[in-house]
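**Student:** Before I ask anything, let me first share the structure, which is written out below as structure tokens.
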Amino acid sequence: MIEPYSNISEEIYQQLKDIVGDEFISKDLEILWCYAFDGTIFKENTVPEIVILPENKDEISEILKIANKNKIILIPRGSGTSLSGGPISVFGGGIILDLTRMNKILSIDIPNNLTVVEPGVICDDLNFELNKYEYFFPPDPASSCICTIGGMVANNSGGVQAFKYGVTKDYVMSLEVVLADGQIINIGSSVRKSVSSYNFTGLFVGSEGTLGVITKIGLKVIPLPKSRKMGLFIFDSIESIIQAVIELRKKGIIPNLLEFMDETTTKASFEYLGGDFLS
Ligand SMILES: Cc1cc2nc3c(=O)[nH]c(=O)nc-3n(C[C@H](O)[C@H](O)[C@H](O)COP(=O)(O)OP(=O)(O)OC[C@H]3O[C@@H](n4cnc5c(N)ncnc54)[C@H](O)[C@@H]3O)c2cc1C
């Protein structure tokens with residue numbers, strides 16, 4: 001264990017077990033190994049000492065108080081798809097706090113274009129529910145079928161539709177966060193024209209779990225587009241593509257995504273799909 005952090009004694013393990021119950025804490029090596037990875041390449045010495053799956057903010061608050069008092073590393077984790085090592089214990093040891101049990105959609109408030117969710121809700125699951133109201137949450141990382149909203153907020157995730165719709169930070173209205181000392185704070189507002197105070201919400205979006213554990217998220221949602229059209233255009237130079245994009249923007253036409261395929265990629269797609277993607 002690196003200085004100044006401590007190992008987890010049997011006494012502390014018992015205290016943590018009392019908070020979440022026997023079923024939701026583990027120090028079995030085969031379980032710990034599952035948490036030694038994220039979407040990055042294999043690393044050595046990233047096995048935590050214990051994994052805890054809390055159910056609510058009060059449990060998280062108690063866990064953080066113990067970790068803070070005893071100088072124990074604690075890393076929040078969603079689905080572990082990060083491409084930057086955020087949800088793993090980079091020096092080994094410590095507690096991985098797996099938030100996937102906290103996966104409830106708490107409210108969908110269409111008149112106010114809002115939804116409130118727990119951090120472990122999967123992005124596509126949220127959109128599945130919102131689509132029933134013809135609404136959606138636009139940020140679309142390629143991992144949306146598995147990544148959690150908590151992980152998206154902590155990584156400020158975005159995807160190919162960011163050109164039109166922006167990224168996660170553009171949709172976070174409010175957060176409930178448990179700080180390192182166990183204090184629970186509520187920041188942001190459900191009101192779009194809230195202008196008072198510092199932008200604390202913006203500070204937590206993209207903080208990769210370093211500032212606290214996000215336990216509740218208020219998100220702006222928007223109506224699904226009424227119709228969709230796809231166009232395919234063939235250009236003879238990269239310069240003319242750039243010019244076309246500039247002209248589109250000048251005319252106020254904002255496609256939800258623009259994909260540029262060079263000759264090699266187009267040929268590879270043709271070979272793979274047998275040309276069918278043009279029909
Ligand atoms: C195939 C693939 C495609 C991807 N495509 C994209 C893409 O298009 N765009 C993009 O932006 N990213 C992409 N990613 C990266 C990653 O999927 C996203 O950043 C995703 O949002 C992470 O969510 P997660 O639930 O897996 O979080 P995790 O990987 O578990 O955690 C990510 C970070 O958030 C912190 N964290 C998680 N939950 C909380 C919480 N409740 N409170 C505080 N901190 C928390 C963790 O400590 C960690 O630092 C991709 C990854 C893969 C493997």
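**Student:** Taking 0.36 nm per intervening residue step and subtracting the Cα-Cα distance, what contour gain separates I222 from E10 on full extension? Provide the component values of the computation, followed by the final result.
**Tutor:** Values: separation 212, 0.36 × 212 = 76.32 nm, distance 4.92 nm.
Extending this stretch completely gives an extra 71.4 nm.
**Student:** Restricting to Cα pairs below 8 Å that are 6+ residues apart, what does the relative contact order work out to for the chain? Please round to a whole percent.
**Tutor:** Rounded, it is 16 percent for the chain.
**Student:** Separate question: Seen from all sides and averaged, what is the projected area of the convex hull of the Cα atoms in the range 238-278, in nm²?
**Tutor:** That works out to 3.5 nm², a quarter of the Cα hull's surface.
**Student:** Rank these for me by crowding, I41, I19, going from fewest to most other beta carbons within 10 Å. Working shown, then result.
**Tutor:** Details: I41 8, I19 19.
Starting with the residue having the fewest Cβ neighbours, the order is I41, I19.
**Student:** If you average the alpha carbon positions of the range 1-52 and of the range 223-258, how far apart do those two centres end up, in angstrom?
**Tutor:** 48
**Student:** Can you run phi through the Karplus equation (6.51, -1.76, 1.60; θ = phi - 60°) for the range 143-158 and list ³J(HN,Hα) in whole Hz, with x for Gly and Pro?
**Tutor:** 9, 4, 6, 10, 6, 8, 5, x, x, 5, 5, 5, 9, 6, 6, x
**Student:** Something else: Based only on other Cβ atoms within 10 Å, what is the fewest-to-most ordering of S107, S82, S237?
**Tutor:** Details: S107 11, S82 22, S237 8.
In order of increasing Cβ crowding within 10 Å: S237, S107, S82.
**Student:** To the nearest 0.05, how large is the calculated FRET efficiency for S107 and Q183 if R₀ is 25 Å and r is the Cβ-Cβ distance?
**Tutor:** Details: r = 24 Å, r/R0 = 0.98.
E(calc), rounded to 0.05, equals 0.55.
**Student:** Rounded to the nearest Å, what's the spacing between the alpha carbon centres of the range 59-119 and the range 169-192? Just the number, please.
**Tutor:** Cα centroid to Cα centroid, the span is 13 Å.
**Student:** Could you give the dipole magnitude of the chain about its Cα centre, charging the beta-carbon of Lys and Arg +1 and that of Asp and Glu -1, in debye to the nearest 20?
**Tutor:** 1280
**Student:** With viscosity set to 1.567 mPa s and temperature to 4 °C, compute the Stokes-Einstein D of the chain, Rh being the Kirkwood radius across alpha carbon pairs; µm²/s, no decimals.
**Tutor:** Numbers: Rh = 20.9 Å.
Rounded to a whole number, D works out at 62 µm²/s.
**Student:** Something else: Tell me which chymotrypsin sites (Phe, Trp or Tyr not before Pro) from the range 204-279 have a DSSP coil assignment and no more than 14 other beta carbons within 10 Å of their own.
**Tutor:** F233, F235, F260
**Student:** Let me ask something additional. Fewest first, what order do V153, V221 take by the number of other Cβ atoms within 10 Å?
**Tutor:** Result, fewest neighbours first: V221, V153.
**Student:** Taking all pairs of distinct Cα atoms, average 1/r, flip it, and tell me the Kirkwood hydrodynamic radius of the range 105-223 in Å to one decimal place.
**Tutor:** That comes to 14.2 Å for the range 105-223.
**Student:** Related question: Check cross-link reach from K17 to the lysines: straight Cα distance under 26 Å, and skip same-chain residues fewer than eight apart.
**Tutor:** Filter leaves K27, K57, K65, K69, K71, K104, K216.
**Student:** Okay, moving on. Report the GluC sites (Glu not before Pro) located in the range 33-102 that are in a DSSP loop and have at most 13 other Cβ atoms inside 10 Å of their Cβ, or state none.
**Tutor:** E44
**Student:** Can you tell which of L224, L232, L16 shows the greatest fluctuation in a Gaussian network model of the chain with Cα springs below 10 Å?
**Tutor:** The residue that fluctuates most here is L232.
**Student:** Suppose R0 equals 51 Å. What FRET efficiency, 1/(1 + (r/R0)^6) with r the Cβ-Cβ distance, do N68 and I246 give to the nearest 0.05?
**Tutor:** 0.50
**Student:** On to the next question. If you filter the range 174-279 for GluC sites (Glu not before Pro), then keep DSSP loop positions with at most 11 other Cβ within 10 Å, what is left?
**Tutor:** Loop-located and lightly packed - E259.
**Student:** Looking at the chain only, what percent of DSSP beta bridges run antiparallel? Nearest 5 please. The partial results should precede the final answer.
**Tutor:** Working: 24 of 31 bridges.
Approximately 75 percent, going by the DSSP bridge assignments.
All of the numbers you see were taken from the coordinates with simple rules; none came from a lab. Computed from a predicted structure; not experimentally measured. As a convention, Cβ positions derive from the backbone with ideal geometry for all residues, glycine included, and neighbour counts pool all protein chains shown.
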